[in-house]
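Data block below; observations after.
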Amino acid sequence: MQAPGWAQIHRDLRVEVAREGLVVDVRENRGGHTSQLVVEKLARKIVGWALPRGMRASSYPRDAPRGPVVAVANEFSGSDGDIVNAAIKALGIGPVVGTRTWGGVIGIDSRYRLVDGTLITQPKYAFWLEGYEWGVENHGVDPDVEVPQRPQDYAAGRDAQLDEAVRIALEALEATPAKIPPTLPR
């Protein structure tokens, strides 16, 4: 959730939103400051289409998900990782699958340097979220569907959380198909 990650998701999302649904893996996200940008992209709803002659249609607004969005979280999702999962739930973008997030959203300020070059950080930015109030700090975000990643799954190369998120997305697609561009009139 910092500049390089934002740049990467911004590039990748243009390709991924062309698919029928999205599974957004927010596990092990240790934070930063770009959750607002990520949530803004995921919250977009298609209200129109642009169809240039001889080219593929694009949604309006651009980079909007065509179908369901399912997030995957774990206990190592903290700070902006907590916030993006809480916002996904608060905005009704989609369900969160996995385990409860870390619960550390109070941001730090690292502007104080000591003469030996070390840095002092202090808690500075508390966070209130709709539906949670101040409660994400020290608790985290509970998933809609709890799926632990057991050691035996990890050892066997299975990802139970991702498998469940994909299952939920496919089930949602059956209930509500992804948006597609209309055909041109004759």
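The values are calculated or read from the model by the stated rules, or taken from the named source; none is laboratory data. All values reported here derive from a predicted model rather than from experimental measurement. Methodologically, a virtual Cβ is constructed for each residue, glycine included, from the backbone with ideal geometry; neighbour enumeration extends over all protein chains shown. These accessible areas exclude ligands, DNA and RNA; they are computed on the full protein's heavy atoms, side chains included. Shrake-Rupley method; radii C 1.70, N 1.55, O 1.52, S 1.80 Å.
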Does region 172-179 include one or more residues that are open to solvent by 90 Å² or more (accessible area, probe 1.4 Å), assigned to a helix (DSSP H, G or I) and either at pLDDT 95 or above or out of contact with any Phe, Trp or Tyr (no Cβ under 9 Å at 6 or more places or on another chain) (or both)?
yes
Which residues, counting only those in region 86-128, are small (Gly, Ala, Ser) and in contact with a Gly (Cβ under 7 Å, 6 or more places away or on another chain)?
ALA90, GLY103, GLY104
Across region 86-114, what is the number of residues that are in a loop (DSSP other than H, G, I, E, B) and among the aliphatic types (A, V, I, L, M)?
5
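Would you point out the residue of region 110-125, among those that are β-branched (Val, Ile, Thr) and surrounded by 10 or more Cβ atoms within 10 Å (Cβ to Cβ), that is modelled with the lowest pLDDT?
The extreme case among them is THR121.
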Subset of region 23-81 (residues that are open to solvent by 30 Å² or more (accessible area, probe 1.4 Å), in contact (Cβ under 8 Å) with a residue 60 or more places away in the chain and farther than 18 Å from VAL105 by Cβ)
VAL23, ASP25, TRP49, LEU51, ARG66
Exactly one of (1) in contact (Cβ under 8 Å) with a residue 12 or more places away in the chain; (2) surrounded by 13 or more Cβ atoms within 10 Å (Cβ to Cβ) is unmet by ALA3. Its number?
(2)
Can you tell me which condition LEU51 does not meet? The list is (1) at pLDDT below 95; (2) within 23 Å of GLU164 (Cβ to Cβ), and all the others hold.
(2)
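Filter region 137-159 for residues that are aliphatic (A, V, I, L, M) and surrounded by fewer than 17 Cβ atoms within 10 Å (Cβ to Cβ); which is nearest to ARG30 (Cα to Cα)?
VAL145
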Quick test of your reading of the structure: LYS124 fulfils all but one of (1) free of Cβ contacts under 8 Å to residues at least 40 places away in the same chain; (2) closer than 26 Å to VAL72 by Cβ; (3) in contact with an Asp or Glu (Cβ under 7 Å, 6 or more places away or on another chain). Name the failing condition by number.
(2)
